[in-house]
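**Q** Structure in C-alpha cells, see below.
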Amino acid sequence: SVKPVTPWTWVEPTMPEELVEQAKEEGFRLRPTYSHMKIGYVVSDKMPKTRVALIEYYLFNAKYGSWYKRMKKKHFHDEYEISKLGDVVLIAPYRKKSKMKWYRLIEVMRKNDAPEHV
C-alpha cells in the first residue's frame, strides 16, 4: 500500500532570546535578509493563521521632484499566530498558500504595547 505524501511545511528557525539580545546590543541582526521582504503593521488578526499587514512606502516623482506615500495591504501566513493587532512585522514572499496569501511571517519586530481600543 502507498502512503499519502503529506506536504512539507517550512518553519522559521527559532533562536535563543539571549543570542538575539546580544546581537541587538552589538548592532547587527541574526536573521538572514530575504529578497522582497517588507515591513508593515498588522491591521487585522480575525482569520485563523492569516494576518493582514499594511505596508507603507514612498515613491519619487521625477517631474515635480517630490516624494509621495503609497500603502498596500498584504495577507500573510502566521502558522503559530504569534503576531497580534498593531505589531510591526517582517514578511517575505513564499509559495502561494491561497487566493490572496503568498507572504509568510519572518519576525515580529515590535510588539504592540498600546491598548487596541482607546
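Only the coordinates and a few stated rules stand behind these numbers; no lab work does. This is a predicted model, so every value here is computed, not measured. No Cβ is skipped: glycine too gets one built from the backbone with ideal geometry, and neighbour counts run over all protein chains shown.
**Q** For region 57-81, how many residues are part of a strand (DSSP E or B) and closer than 18 Å to E107 by Cβ?
**A** 4
**Q** Go through region 21-46 and report how many residues are without any contact (Cβ under 8 Å) to a residue 12 or more places away in the chain, under 21 Å from N112 (Cα atoms) and in a loop (DSSP other than H, G, I, E, B).
**A** Matching residues across region 21-46 total 2.
**Q** Moving on. Those residues that are among the hydroxyl-bearing types (S, T, Y), surrounded by 14 or more Cβ atoms within 10 Å (Cβ to Cβ) and either assigned to a loop (DSSP other than H, G, I, E, B) or at positive phi (or both), I need them from region 87-110; list them, please.
**A** The one that is among the hydroxyl-bearing types (S, T, Y), surrounded by 14 or more Cβ atoms within 10 Å (Cβ to Cβ) and either assigned to a loop (DSSP other than H, G, I, E, B) or at positive phi (or both): Y94.
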